[in-house]
Amino acid sequence: MATIARDSFAGPPGAAVTARPPEVGARGWEYEVGTANLVIGSGRLHCEATTERIAIITAPTTPNYRADFDVWPASLLAHDETGVVGRMVGPNDWYGACYNRSTGAWQLLKRTTAGGLVVLGSYEQALTASVLHSGALVMEGDRIRLLTANVGEDHVERATVTDTSLTAAGEAGLRFIPGTAHTATTGLQLEGVRVSAKRRVDTSWLSAGTGRVSAGLEYLLGGPRVASTVPRRGVIVGTGANGRPAEAYEEVRALAEAGLTTIVPESWVAGANGVGFGNSSVVARWRAAWDHLKANHGVKTDKALLVGTSGGGYNALKYAMSYPTEVAAIALEIPAVNLKDIYDRNVNGFAQQIRHCYGGTVASFKAAEPTANAWNRLEELEGIPVYCWWSEDDPHALPEFAIDITEQVTTAKGESIGSIGHWYGPHGLSYTADVVEFLMRYRS
C-alpha cells in the first residue's frame with residue numbers, strides 16, 4: 001500500500017491541527033464540520049468541543065483506499081466517539097469507522113443525505129485506558145470493511161458489507177464526537193491517522209501465456225511492465241490438485257498489479273512416478289521455477305514468497321520445509337495439510353495418485369508417510385510468517401488441520417472465510433486482496 005497522507009500529530013502542545021502540516025500529504029488539514037477545537041497534546045490529537053468535528057487531510061484519486069487510525073484512550077468518558085471518514089463528498093455523505101464509547105463497540109458507519117446515519121456493522125470490545133488500539137476503514141469497490149487490532153497484533157476484519165451508495169473517491173479524514181470536551185489527558189484521542197491505496201502499475205505478462213523452464217516443465221509468468229527500482233521478492237504460486245498453471249491467471253494478475261513478479265510452475269503429473277502432493281519431484285520443479293525467476297526476471301534473490309491453494313498449499317508447505325531459510329512468507333488458501341487424512345478418506349479418488357507420488361504401492365506410501373506428511377512436521381515452519389484461510393465446512397481440506405498450523409507455529413496466523421465448501425480465492429473470493437496485502441508486507 002502506498003501512503004497518500006499520514007499524521008502522527010507531533011508538534012508543540014496546544015497547537016491547532018490546522019496550524020502545522022502533516023508528515024505526508026501536501027494539502028494539510030481542513031475542517032469539513034466545525035471550524036476549530038482540534039488540538040494537539042503530547043503527540044496526540046484531542047477535541048476541545050462537545051459536538052461533531054470532521055477534518056479532511058486528503059482527496060485520493062481512487063475510490064479504493066484505506067484509512068487507518070490509532071486510538072489512545074487517555075481516559076474513558078461516558079460518551080466519546082473517535083475515528084475516520086472516507087469517500088466523503090460533503091458533511092452528510094461518507095463512510096466511516098470509529099470507536100464509540102456509548103455502545104462499547106467499534107462501528108462501521110454510513111451517512112447519506114437521503115438516509116442519515118446508519119451503523120453498517122459493529123464489534124464489541126472494552127477498551128483499556130492508556131492502551132493503544134487501532135482501527136481501519138477499507139473501501140474496495142462495493143466492499144466496505146471495518147478492521148481492528150490490539151497493539152502489536154495484525155488487523156482483523158470485524159464487519160464487511162456490500163454497499164454502492166458512495167462510489168466517488170471523495171475525501172478522507174478524521175472525525176470526533178466528544179460528549180465532554182477533551183483535555184490533553186482525557187477522552188479518546190488520536191495518536192495517528194494514515195490514508196493509503198494500492199500502488200497501481202501498468203501490467204502485462206512477461207511471457208505470452210505459458211513458457212518452459214525446461215522440457216516438460218511449463219509455467220505461467222506475470223509481473224509489472226515497469227519493474228520497481230528496488231528489487232522485490234518473487235512469488236511462486238501452487239495450483240490445486242491437477243490444476244494447470246493457467247488456472248492461476250487471476251491471482252497472478254492481482255499480484256502483478258501490486259508490483260510482484262510471479263511464476264506458477266506445472267506441479268501435477270498423474271500416473272506412475274507421479275508429480276505432486278509435496279513429493280521430491282514437485283519440490284524440484286518449484287526449485288527450478290524459482291531459479292528461473294531469479295536468473296531472468298530481476299527479483300530479489302534471497303527468499304521467495306509462496307502462495308498455495310488446496311493441494312498447492314500442500315506443495316508450498318513441503319517446499320518451505322525443504323528450503324526454510326529461503327522462504328519469506330507463505331499464504332495458504334483452503335490448504336491441504338494432512339496427507340494421510342486425504343489418503344485414508346480417498347478424497348476425490350486421490351489415494352492412488354498419492355501412492356504413485358510415493359513409490360506406487362500401499363507399502364511404499366506407508367513407509368514414506370511419517371516424513372512425507374507435512375502435518376507431522378509443522379514445527380519446521382517456525383520463524384516463517386504464515387497466514388491461512390480456511391472454509392468451515394470444507395469436505396476435502398478439513399479446516400482443523402489448517403487451524404493446527406496457527407496453533408503449533410508461533411509465526412502463523414489465520415482466519416475462517418465462512419462455510420463455502422472447497423472453493424478458493426483466485427476465482428473471485430473477496431479475500432484475494434487480503435492474500436496480496438499479506439505478501440506485500442514481506443516483499444523486500
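Each reported figure results from applying straightforward, stated rules to the coordinates on display, with no laboratory input. Since the structure is predicted, the reported quantities are computational estimates derived from the model, not experimental observations. Cβ atoms come from the backbone with ideal geometry, glycine included; neighbour counts cover every protein chain shown.
Bin width 5 Å, alpha-carbon pairs only: give the P(r) of region 319-392 as whole percents, running from 0 to the bin holding the largest distance.
Bins of 5 Å from zero give 3, 14, 22, 22, 17, 14, 7, 0 percent of pairs.
At residue 131 and residue 164, where each label point lies 7 Å from the Cα along Cα→Cβ, what is the point-to-point distance in nanometres?
Result: 4.2 nm between the two label points.
In what sequence do 253, 443 fall when counting other Cβ within 10 Å, fewest first?
By the 10 Å Cβ count, ascending, the order reads 253, 443.
What is the packing order of peptides 64-73, 256-265, 340-349, taking the mean over residues of other C-beta atoms within 10 Å and listing the highest first?
The peptides rank, most packed first, as 256-265, 64-73, 340-349.
At R0 = 30 Å, how high is the FRET efficiency between residue 150 and residue 61 if r is their beta carbon distance? Nearest 0.05 is fine.
0.40
Need the C-alpha centroid separation for region 352-412 versus region 81-106, integer Å.
Centre-to-centre distance over Cα atoms comes out at 43 Å.
Filter the chain for me: DSSP H helices, axial length by Cα at least 18 angstrom, mean Kyte-Doolittle hydropathy not below -1.0. List them by residue number.
For the chain, where a helix must reach 18 Å along its axis and average at least -1.0, the hits are 280-296.
I need the peptides 103-112, 82-91 ranked by packing, meaning the mean over residues of other C-beta atoms within 10 angstrom, with the highest value on top.
For the peptides 103-112, 82-91, the packing ranking is 82-91, 103-112.
At 7 Å along Cα-to-Cβ for each site, give me the label-to-label distance between residue 364 and residue 184 in nm.
The two pseudo-label positions are separated by 7.6 nm.
Going by Cα centres, region 1-78 and region 267-306 are how many Å apart?
Cα centres, region 1-78 to region 267-306: 48 Å.
Anyone know which of 129, 433, 114 comes out most mobile in the 10 Å Cα GNM of the chain?
Maximum fluctuation in the GNM of the chain, among the listed residues, is at 114.
Could you sort 189-197, 140-148, 5-13 so that the peptide with the highest average Cβ count within 10 Å comes first and the rest follow in order?
189-197, 140-148, 5-13
Would you please give the residues with an amide H less than 5 Å from that of residue 43, counting only those at least 5 places away or on a separate chain, with H modeled from the backbone geometry?
11
Have a look at the DSSP beta bridges in the chain and tell me what percent are antiparallel, nearest 5.
Expressed as a percentage, antiparallel bridges in the chain total about 80.
Filter 318/366; 294/318; 294/340; 303/366 down to the pairs with a C-alpha to C-alpha distance above 24 Å, please.
294/340; 303/366
Sticking with the crude label model, points 7 Å out along Cα→Cβ, report the distance from residue 323 to residue 296 in nm, one decimal please.
1.5 nm
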